[in-house]
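Asks: Below you will find the structure I want to go over with you.
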Amino acid sequence: MTKHPLNSNPCPQESFLARAIQEQEISCFVLASTLDVLMTYILLRQPELQFIESNPIANFFLTNWDVTGLACFKLSMTAVVCIIAHFVAKYRPNVAQRLLNSATLVILAVVFYSSYLLVRHLP
């Protein structure tokens, strides 16, 4: 008995369009995460303001390895989410899409809050 070509893929409904959508979501998530790193850097480098990193794990990296360590930590967490989404997408592309969209919204909320803090506290 021969295997049907559609059954050789773990997720038969995954098509070129589904992969393209996932790439779009990953791109948006990476962009949002990069903006988060940038906003954190801008806030922490304001000499007249005393902003702190409120995430204790991120603050550990900031304290021990300065902004470079913090950026590496945040971007490595971004990579972890992308890798998880990639593996989830093999079997459940819709779940991976929702995961990436949700993560992007959370990160964008942090970016908007950071922007609000910057605008509110600058003269």
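Asks: Take the residues in the stretch 68-88 that are of a type in the set (G, A, S) and buried (at least 18 other Cβ atoms within 10 Å of the Cβ); name whichever of them is nearest to I26 (Cα to Cα).
Replies: Top of the filtered list is A85.
Asks: Which of (1) under 11 Å from S33 (Cβ atoms); (2) surrounded by fewer than 12 Cβ atoms within 10 Å (Cβ to Cβ); (3) touching a residue at least 60 places away in the same chain (Cβ under 8 Å) does Y91 not meet, given it meets every other one?
Replies: Every condition holds for Y91 apart from (1).
Asks: Within the stretch 24-44, work out how many residues are under 12 Å from C82 (Cα atoms) and buried (at least 16 other Cβ atoms within 10 Å of the Cβ).
Replies: Residues in the stretch 24-44 being under 12 Å from C82 (Cα atoms) and buried (at least 16 other Cβ atoms within 10 Å of the Cβ): 6 in total.
Asks: What number of residues in the stretch 45-67 are surrounded by 11 or more Cβ atoms within 10 Å (Cβ to Cβ) and either more than 20 Å from the chain's Cα centre (by Cα) or polar (S, T, N, Q) (or both)?
Replies: Restricting attention to the stretch 45-67, the residues satisfying the condition of being surrounded by 11 or more Cβ atoms within 10 Å (Cβ to Cβ) are 46, 49, 51, 53, 55, 58-63, 65-67.
So of that shortlist, the ones also either more than 20 Å from the chain's Cα centre (by Cα) or polar (S, T, N, Q) (or both) come out as 46, 49, 51, 55, 59, 63, 65-66.
So the answer is 8.
Only the coordinates and a few stated rules stand behind these numbers; no lab work does. This one's a predicted model, so the numbers in the text were calculated from it and none came from an experiment. Neighbour counts run over all protein chains shown; Cβ positions are idealised from the backbone, glycine included.
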